[in-house]
Every structure is written in structure tokens, then in C-alpha cells.
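What follows is calculated from the coordinates using simple rules that are stated; it is not laboratory data. Predicted model, so just to flag it, every value in this text is computed and none were measured. Cβ placement follows ideal geometry from the backbone for every residue including glycine, while neighbour counts extend to all protein chains displayed.
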Amino acid sequence: MNGAGLFLFLSAVVLLSSAHKWDNYDSFNKHLKTHIDKAIVEANMKFSAHRRHINFHRLVGRLSVTSQNYFVNVMLLPTICAKNETELRQRKDCPFQAKPTMVINCVVCSRRGGTELVNCVKHLDVKKSKEIRAECSDDHNTGGASILSLKTSHNEQPFGCIGCV
């Protein structure tokens with residue numbers, strides 16, 4: 001493939017991946033859902049005074065998930081379902097409130113040193129969390145398998161896996 005053809009192919013891949021809607025939980029592979037679920041559980045525990053279950057709404061900002069480093073920024077919204085302390089993960093049966101009482105912004109990331117950070121705050125308070133979120137590793141996309149090349153169980157292709165075998 002000549003240089004121009006390769007450039008056009010890579011441009012099309014970037015365009016297609018950027019056009020993907022990041023609000024369909026069921027379209028994500030198991031690796032990404034694991035990090036999203038951590039955010040949902042954390043938010044449901046942290047905002048326990050809120051009597052409604054909190055569910056995934058959409059991904060925001062940059063997304064980086066490799067085999068060793070990750071950064072996932074998630075927006076969560078309250079649903080009409082009552083909170084159930086035994087079921088804190090994503091609940092398909094719970095539609096969002098018509099007028100959300102709050103919007104929650106969560107970051108799940110690998111920290112420098114290999115530990116994990118799960119930070120959930122009301123969206124209005126994100127700037128107050130800037131210092132703690134700065135603990136996230138800056139080593140994203142520095143080699144290793146990316147989310148686009150990881151195989152999931154049962155040989156299913158993860159989202160965006162072009163040419164995966």
C-alpha cells in the first residue's frame with residue numbers, strides 16, 4: 001500500500017472510531033465494562049444518601065485502556081429505580097430520571113506506581129478533584145496491547161477491533 005493509501009486508510013479508521021457513540025454500555029467489551037462497573041459501584045456507595053440507583057450514561061473525554069494502563073472518564077446519572085445495596089452495578093431495567101437530580105463524573109485510572117484510582121464526584125465539583133486525578137499515570141498508549149486489539153472471552157471481537165483474528 002502506498003503512502004497516500006495508508007494515510008487514507010488510517011484517516012478512515014480514526015474517523016470511524018471517533019464517530020462511535022460512547023453511550024451504549026452493551027456495545028463495550030468486557031475489559032472496558034470492568035472499569036465502568038468500578039465507577040458505577042463507587043458512585044452508588046459514595047452517594048448512598050441518594051435513594052436512586054446510579055447508572056452509566058456515557059464516556060467522556062479521552063479513553064485509554066491498554067493491558068497495563070488505563071484511563072476511563074464516565075458520566076453517571078440517577079435512575080427511577082430505588083437503590084438496592086446488593087445490586088450496585090449497571091442495571092438494564094432502570095431508566096434515567098426525566099430531570100436528573102445530579103450528574104456524577106467518575107475517573108477510573110491506573111496510578112503511577114501501579115495502584116488504581118476510582119474517583120467519583122458531582123460533575124459540578126470536578127475542578128476540586130483535579131489534584132487527585134493528576135495521580136493518574138501518564139503512561140497511556142506507550143506500547144502493550146490496546147483495547148482495540150485485546151481478544152475477549154468466547155473469541156468475540158472487542159469494539160473497534162479491525163482485522164482481529
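Numerical summary
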item: Those residues of region 58-90 whose amide nitrogen sits under 17 Å from the label point placed on Gln97, 7 Å along Cα→Cβ; result: 58, 75-84
item: Gained length - Arg89 relative to Ala134, 0.36 nm times residue gap less alpha-carbon distance; result: 13.6 nm
